Every structure is written in C-alpha cells, then in structure tokens.
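Here's the structure, in structure tokens; my notes come after.
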Amino acid sequence: MTEERTYKVEMLARVEGEGRFTLRTEGERVVEARLEIFEAPRFFEAFLRGRRIEEVPDIVARICGICPIAYQMSAVAAIESALGHVVPVGIRDLRRLMYCGEWIESHALHVFLLHAPDFLGYPSAVEMAADHREIVERGLALKKAGNRIIELLGGRAVHPVSVRVGGFSRVPTPRELAGLLPELRAGLAAAEEAVEWAASLRGPRLEPDYVFMALRDDRGRYPLEGGDAVVVSGRDPVPLAEFEAAFVESQVEHSNALQCRLADGTPYLTGPLARLHHHAERLHPRARAVMEAVGLPPSVRDPYRSVVVRAVEIVHAFAEAIDLVEAYVPVGSPGVTLQPRDAVGFGATEAPRGVCWHRYDLRADGTVEAAKIVPPTSQNQARIEQDLVGLAPQLLALPHDEATHRCEQLIRSYDPCISCATHFLRLDIERRPEASP
C-alpha cells in the first residue's frame, strides 16, 4: 500500500498579494504541486492607458516600494526607444548609479534580514539580532548606503520622483556625488567581508537543471540598467522587441497570477544565479576577487546558494557606484523633451530579482495606448513550483516543523518580492493510505 501525503500551506502571505502552496505525493512520487497566488488585481497596465508619457515613471514606481527604479528605468527605456531617443552616456551612467543603489538596498535587506535567519535558525531578524547584532547592523548600514544613492539621484528613497522620459528632472552636482564616497567606500569594505560570511552559511542542497535567462547589456557590462536582448541557456539571444514571441505569459487554473515560460512551455530562472551564469566575467574586479576567494564557481545551480551570489552582487554594486561617482563629469542639461509619435517601444532592466520587461504602444498625442509589464516574479513562479517538486523527496523524511522550514527557505531563496520574503508558511500534512483498486 502506497502512503499518500499532502503538504498544504493555507496562507502564503503577501506574495504580491496572497497565496498558498500544496504538494501531494504518493510514496516518493509527486502527483500534484501548486503555488497558488490569489492576489487582488492591481490594474497598473490599465492605469497607464490614456495617460501622458511623462506620467509613466511616477505611476510604475508604485508597483514596488523596494524596486521602484527597476520599473521606472524599464519604462523610460521602452518609451525612449519608441521615440528614437539615444540616451547620452552621462545620463545613462547616472541611471546606472541609481540602479546600483537599488541593488544594494534590496540585496542587503534580503541577505541580512530576511534570508539569514533561515540559515542561522531564528524565526526572524528580531530574534536573530539578540545573538547576532553585528549581522543585522551590517545589513542596515549597507541598506542605508543604497538608499542614500537613490535619495540623492531620485529626490527620495521610496518611489523616486526625478526619473523622467528623456533624462532626469534634476541631476546632482559633482560635489553632491562626491559626498557619497566615504559611505560607499566603507560599504564596499563591509560588503567584501560579508561575502565570506555568506559563503559560510550552510543549508540544504538542491541542484535543478536550470534554464537561465538574463539581460544582455549593449555596452558589454554586467547587466543592470538596460540592454538590447536577453540571453537564454542553449538558445539564441532574444531581442527585446521579440520577447513576446519567445516568452509566453499564461493563466494557470490554480493561480490569479500569470506565469511566464518559454514559448515551448519550459520554465526558466531569472535573477542573480542567471546573471552570474551568463555574465560572471563581467563582474567588477573587486566582486570577482571575493568570488574567487570563497571558491564560488561562475555558475551556481543550488538556489540555497543564491544568498552568496547576492552578497557578491552587493560588492559589484558598491564598486561600480564608486567608479561612477569618481568618473562623473557634469552632464549639463538633466534631460530633453521628446517629440511624441505613433510608435511601439520595448525596454528591460535587471531588477534585483531578475529581468523586468516593458512594452508601450504610444500615440502621436503623447499618450499611452497600451502597456505590458512582465515582472521577475511571474517569470520565476513556474520554476519555483518545479523546484518544490524537486525538494519533495527530502521533505518526506523530515519532521513536520523542519519540512515547513525547508519549504519556506527554498521559496525565500528566490526573494520573489519584499512582502513574500518573510516567515510565512503554515504546513499541514495529511497522510492516508492509497485506495485499493
């Protein structure tokens, strides 16, 4: 008689809304796995219809409080492409610097405050701080440095207001930027030390056969604030304008959130592991040095080791930020006004969690006719389901509480958004014998 087990998470709280996870097995065979997202509609693509292109950066910033810049930069890249605007190097470098700030604050929050408790055996960062105060303080200090970059360039740290189609509403002076350097240099040193700490964290092992997808930077750098195509394991690069032919979003019966897969139905992974796999050689030399020092390979397939890759990317973001500040030459005019026309534009950037792709259909009157936004979370959802299936054999031999923790830790490895990267799972296990034929 084959034993049936049902692992049921009733409330997968705040995963871009609300959701649950169910895994049902018969013996060692998984017969059902569902990551159910039942979030309320947010209507951002509908909100954009009929709005003027100048309003788009402020509207899309509200999609995420932790990664507003990813949405702003993807949006302005798509609109500027549609209107034939080539962004001056100085403006693009300032946007890249601002994006470094977002990577620093988002990765630091995840690594030190949201994911570290999983590895160290604490229910939250609050309890962890009692025994590991230095870890929490380091994470907060690094996050603060990232927020400082965003605040200086964006006008405020949350939902920045200075990003505009055609540039910025205001750019900092060299003196203002130079004021960031002491904090950035201290942050770089602390981030380099943190990579060794992150590499020492021990967790379960899981090595899925990932199809990695990441942005290709058109200037040959580690992808961040823009690019011209996405690269996919074992496939030809996909230009941004052909994204919708190569990647298909679909509604699955058990979820209100769309899942994005390759056109042939294959789930794929975007985010830190994918960026490292495709572009490790383009990391900043300081980041490559710490990577080599801890023995991190250029391709990592264990999602639990993503915490180390994120720590390496924090080093990269600090080092790049310092280089950009030190090389800054005043750009003169912060931006230009673009002439509207009937056009379609595409843009993508690398949010901390992966590729964020936008398309805008524009009218000659300067308004948006239609918009489509594909965030990293929807692209990784199908892959998360597959990895939970792969984890199932390990769960069967574990006590209830430990199995619950193992599921939480795996889901948090993808850091799908700030709200879901908390301690949220409740695991119910129902066991009953398989019915006789």
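In the chain, with Lys and Arg counted as +1 and Asp and Glu as -1 at Cβ, which of these residues, Leu177, Ile322, Ile53, has the Cα nearest the positive end of the dipole, that is, farthest along it? Value: Leu177. Each Lys and Arg Cβ is given +1 and each Asp and Glu Cβ -1; about its Cα centre, segment 112-183 then shows a dipole of about 520 debye.
Ordering 342-352, 56-66 by mean Cβ neighbour count within 10 Å, with the highest value first, yields 342-352, 56-66. Sorting the segments 296-306, 105-115 by their mean number of nearby beta carbons within 10 angstrom, highest to lowest, gives 105-115, 296-306. Ordering 376-386, 80-90, 181-191 by mean Cβ neighbour count within 10 Å, with the highest value first, yields 376-386, 181-191, 80-90.
Within the shell of other residues whose beta carbon sits under 12 angstrom from the beta carbon of Arg92, the net charge comes to -1, with Lys and Arg scored +1 and Asp and Glu -1.
Once the 1.4 Å probe is applied to the protein heavy atoms, the chain comes out at 39 Å² accessible per residue. Taking only the alpha carbons of the chain, we obtain Rg and Dmax values of 21.7, 79 Å in that order. Between the listed residues Met128, Met98, Ala116, the Cα displaced farthest toward the positive end of the dipole of segment 89-151, a dipole computed from Cβ unit charges relative to the Cα centre, is found at Met98.
In this Cβ point-charge picture (+1 for Lys and Arg, -1 for Asp and Glu), the chain has a dipole of about 800 debye about its Cα centre.
The local environment of Asp302, defined by Cβ-Cβ distances under 9 Å, has a net charge of +2 under the rule Lys, Arg +1 and Asp, Glu -1. Note that segment 272-371 shows a convex hull volume over its alpha carbon atoms of 130 Å³ per residue. The portion of the accessible surface of segment 251-374 made up by carbon and sulfur, rounded to a whole percent, is 50 (1.4 Å probe; DNA, RNA and ligands excluded).
The values are calculated or read from the model by the stated rules, or taken from the named source; none is laboratory data. None of the values given here were measured: they were computed from a predicted structure. All Cβ positions, glycine included, derive from the backbone under ideal geometry; neighbour counts span all protein chains shown. Accessible surface areas use protein heavy atoms only, side chains included; no ligands, DNA or RNA. Shrake-Rupley method; radii C 1.70, N 1.55, O 1.52, S 1.80 Å.
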